[in-house]
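Undergrad: Below is the structure I would like to discuss, written out as structure tokens.
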């Protein structure tokens, strides 16, 4: 079991919501990963749908590149839609 | 008191109680985090079922005993579970084999119990069958994986199936309470489940490339309260708190 690959688990907690990353676990194949995810992550009624993806299939950004990837966005507040006056009648904004 | 109905409920519930207790022993000891939590989830499902049965049994008994009293304060001979469920965990192959051999029966049994003229039992069966469908899926998947796995997993599975096979026939024995309840349309005629059970179990074992044991002599007695040496130890642990500190509550 030490040789089992790692799987990333995504759970949709309610219909209409998106799947969210819940965590990772070990399993021999995708079927077992689904069953394990059911037991590990949805035992307290957290989900209505599960996706499993073997971790090796995920391409991640390199933290060393965070400077060039993310810092340029920090001083561009005008990209947030915060310069509008929202009328009082509009709720849930 | 409806003696037969009471005994009939206990016969069903004790299987779940003792198997649940066995699986609970794996808490923190499962072969991996994932299988540990899977086995103990099944244990919790079974204990949940037991509560429904014992609450009903308490009502039928009508002598003021609670679900806890019925679960904790009987003597060994008064437990009516089949011998299969009290067998030790031994290793993962045994745990899975025991689970599969019981789940296949349990699922078929609940399918019939849903049709009971006793509406409480029918409702409990209806609720439990979803859980047990998952148990059976989990255990039969593992039988296939381990049987059709490595040399070592295959030989361990075959050993476990061979050893536990002698306890399967008892699942289909009828007690006096069984017969009375079948006549009243309340109980399940387990003798009718036997052929389909062996057919299904054999199919899974063949898929798992395991041999179906050829056994002529089977063990029995649990349903009459005559247990293997293991039950006493299980009860010693299960009942310890209530015996040491009577009426204690969490």
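Undergrad: According to the square roots a ≥ b ≥ c of the eigenvalues of the Cα gyration tensor, what is the shape class of region B:3-244, taking rounded for a/c under 1.5, prolate for a/b larger than b/c otherwise, and oblate for the remainder? Intermediate results must be reported in sequence, preceding the final value.
TA: Working: a/c = 1.71, a/b = 1.36, b/c = 1.26.
Verdict is prolate for region B:3-244.
Undergrad: Follow-up question, since we're still on this one. As a footprinting exposure proxy, order B:200, B:6 by other Cβ within 10 Å, with the fewest listed first.
TA: Ascending Cβ contact count within 10 Å gives the list B:200, B:6.
Undergrad: Taking Rh as the Kirkwood radius, which is the inverse of the mean 1/r over Cα pairs, what is the Rg/Rh value for the protein assembly as shown? Walk me through the intermediate numbers first.
TA: Details: Rg = 25.1 Å, Rh = 22.9 Å.
Radius of gyration relative to Kirkwood radius: 1.10.
Undergrad: Ok, one more. Grab the alpha carbons of region B:132-250, take their convex hull, and tell me the volume per residue in Å³.
TA: In region B:132-250, the Cα convex hull volume per residue is 189 Å³.
Undergrad: Measure off 7 Å from each Cα along the Cα-to-Cβ vector at residue A:19 and residue A:34, then give the distance between these two points in nanometres to one decimal.
TA: 1.1
Undergrad: For residue B:25 and residue B:249, FRET efficiency with R0 = 22 Å and r from the beta-carbon atoms, rounded to 0.05? Before the final figure, lay out the partial values.
TA: Values: r = 23 Å, r/R0 = 1.06.
That gives a FRET efficiency of 0.40.
Undergrad: For chain A, what class follows from the C-alpha gyration tensor (a ≥ b ≥ c being the square roots of its eigenvalues): rounded when a/c is under 1.5, otherwise prolate if a/b is larger than b/c, else oblate?
TA: Oblate, since a/c reaches 1.5 and b/c is not below a/b.
Undergrad: Roughly how many whole Å is it from the C-alpha centroid of region B:86-132 to that of region A:39-93?
TA: Between the Cα centre of region B:86-132 and that of region A:39-93, the gap is 43 Å.
Undergrad: Average partner chain C-beta neighbours within 10 Å, per residue of B:36-43?
TA: 3
Undergrad: Something else now. Can you work out the PRE-style zone for residue B:32? Point 7 Å along Cα to Cβ, and I want the residues of region A:34-56 with backbone N under 20 Å.
TA: Taking a point 7 Å out along Cα→Cβ of residue B:32, the residues of region A:34-56 whose backbone N falls under 20 Å are A:34-43, A:50-56.
Undergrad: While we're on this one: So between residue A:73 and residue A:44, what do we pick up on full extension, going 0.36 nm a residue minus the alpha carbon distance? List each step's numbers first, then the result.
TA: Values: separation 29, 0.36 × 29 = 10.44 nm, distance 3.85 nm.
The span from residue A:73 to residue A:44 would gain 6.6 nm if fully extended.
Undergrad: Hey, another quick one. Across the residues of A:28-35, average count of Cβ atoms on other protein chains within 10 Å?
TA: Mean shielding count: 3.
All of the numbers you see were taken from the coordinates with simple rules; none came from a lab. Please read all numbers here as calculations on a predicted model, not as lab measurements. Every residue, glycine among them, receives a Cβ derived from its backbone with ideal geometry; neighbour counts consider all protein chains shown.
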